[in-house]
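Notes for the one structure printed next.
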Amino acid sequence: VLLPGESLRAEVTVDALTQSDESPLVELLLENEDGQFIKRDQRVATADASGTRTATFELTGLPLGTHQGKVALPGGDPLEMDDARYFSVEVRQPARVLIWAESESSALFVREALSPSLLDQPTRFLCEVQTFAQADVAALADVQAVIVLDPPPLADPLWAALLEFAESGGGIALGLGHNAELSGMNSQAAQRLLPGPLKSRARDATYLRPRRLDHPQLPKLKDFE
């Protein structure tokens, strides 16, 4: 998925049955409206020190929409069935994300993770923050996803609006924190959306405390065991 103005970069590894001193030619083609593949670029696959041949392409100026393409060996080799590889790329506007939070400041880190204000380049998300006091159900019609950060007990109409948003294909992320109340999260309206009821609320401070550190995701934590 690309933003408007972003370049499509494709790197291809080529294993071709050619003479050892030959560098195979690779073409990049895009499908037009008539279903025909039109050549947009070609590169010679050059070998590195290990002998692996690669070709790198970069296309700019793709319009909004979905594009089908392929990379292919135009001359072919003795096994024709794998002389081409296909890809799809979609150029679309940044996704609009609504963040409901207790305050603007409590949403700062999530908003900056999705749409860093210090980056001088387009980002994949456009974020709007509303406090729960300002939560406007009508705003859901203009966004692709909503992030609900540490909600207090919400009114039934808000839960109903979130359920309708999810059923229509919208994305929802729900992060529970110190505002979570069992009664609010286990209400009938909330449980129509949530995956299950909350059983208890931690009395202790909550922090990461894995029982084992041999999981592939956790080896870097061993120094802090």
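On the given criteria, is GLU58 in contact with a Ser or Thr (Cβ under 6 Å, 6 or more places away or on another chain), of a type outside the set (S, T, N, Q) and either outside any loop (DSSP other than H, G, I, E, B) or surrounded by fewer than 12 Cβ atoms within 10 Å (Cβ to Cβ) (or both)? Full working, then the answer.
Values: in contact with a Ser or Thr (Cβ under 6 Å, 6 or more places away or on another chain): yes; of a type outside the set (S, T, N, Q): yes; either outside any loop (DSSP other than H, G, I, E, B) or surrounded by fewer than 12 Cβ atoms within 10 Å (Cβ to Cβ) (or both): yes.
Spelling it out, GLU58 is indeed in contact with a Ser or Thr (Cβ under 6 Å, 6 or more places away or on another chain), of a type outside the set (S, T, N, Q) and either outside any loop (DSSP other than H, G, I, E, B) or surrounded by fewer than 12 Cβ atoms within 10 Å (Cβ to Cβ) (or both).
Just to be sure, is ALA189 farther than 28 Å from VAL91 by Cα, among the aliphatic types (A, V, I, L, M) and either in contact with a helix residue (DSSP H, G or I) (Cβ under 7 Å, 6 or more places away or on another chain) or crowded, with 16+ Cβ neighbours inside 10 Å (or both)? Step through it out loud before you land on a result.
Numbers: farther than 28 Å from VAL91 by Cα: yes; among the aliphatic types (A, V, I, L, M): yes; either in contact with a helix residue (DSSP H, G or I) (Cβ under 7 Å, 6 or more places away or on another chain) or crowded, with 16+ Cβ neighbours inside 10 Å (or both): yes.
Judged against the criteria, ALA189 is a match.
Suppose the filter is open to solvent by 60 Å² or more (accessible area, probe 1.4 Å), part of a loop (DSSP other than H, G, I, E, B) and free of Cβ contacts under 8 Å to residues at least 24 places away in the same chain; does SER50 pass it? Quick ask: steps written out before the conclusion?
On the way: open to solvent by 60 Å² or more (accessible area, probe 1.4 Å): yes; part of a loop (DSSP other than H, G, I, E, B): yes; free of Cβ contacts under 8 Å to residues at least 24 places away in the same chain: yes.
Yes; evaluated as a whole, the condition is true for this residue.
Looking at region 59-87 only, could you name the residues that are among the hydroxyl-bearing types (Ser, Thr, Tyr) and either touching a Phe, Trp or Tyr at 6+ places or on another chain (Cβ under 7 Å) or more than 30 Å from GLU22 (Cα to Cα) (or both)? Steps first, answer last, please.
So in region 59-87, the residues among the hydroxyl-bearing types (Ser, Thr, Tyr) come out as 60, 66, 86.
The one that is among the hydroxyl-bearing types (Ser, Thr, Tyr) and either touching a Phe, Trp or Tyr at 6+ places or on another chain (Cβ under 7 Å) or more than 30 Å from GLU22 (Cα to Cα) (or both): THR66.
Hey, can you tell me all the residues within region 105-114 that are closer than 19 Å to LEU140 by Cβ and either open to solvent by 70 Å² or more (accessible area, probe 1.4 Å) or in contact with a Phe, Trp or Tyr (Cβ under 6 Å, 6 or more places away or on another chain) (or both)? It would help to see each step written out before you state the result.
First, the residues of region 105-114 that are closer than 19 Å to LEU140 by Cβ: 107, 110-111, 114.
Scanning region 105-114 gives a single hit, LEU114.
If the requirement is being touching a helix residue (DSSP H, G or I) at 6+ places or on another chain (Cβ under 9 Å), among the hydrophobic types (A, V, I, L, M, F, W, C) and touching a residue at least 24 places away in the same chain (Cβ under 8 Å), which of these qualifies: LEU198, LEU174?
On the way: LEU198 fails: touching a residue at least 24 places away in the same chain (Cβ under 8 Å).
Going through LEU198, LEU174 in turn, the sole match is LEU174.
For region 144-184, which positions are within 23 Å of LEU114 (Cβ to Cβ) and in a helix (DSSP H, G or I)?
Listed by number, the residues that qualify are LEU158, ALA161, LEU162, PHE165, ALA166.
The values are calculated or read from the model by the stated rules, or taken from the named source; none is laboratory data. Source: prediction; values computed, not measured. With ideal geometry, Cβ positions are generated from the backbone for all residues, glycine too; neighbour counts draw on all protein chains shown. The protein model used for the area step is the full one, side chains on, heavy atoms only, and it has no ligands, DNA or RNA in it. Shrake-Rupley method; radii C 1.70, N 1.55, O 1.52, S 1.80 Å.
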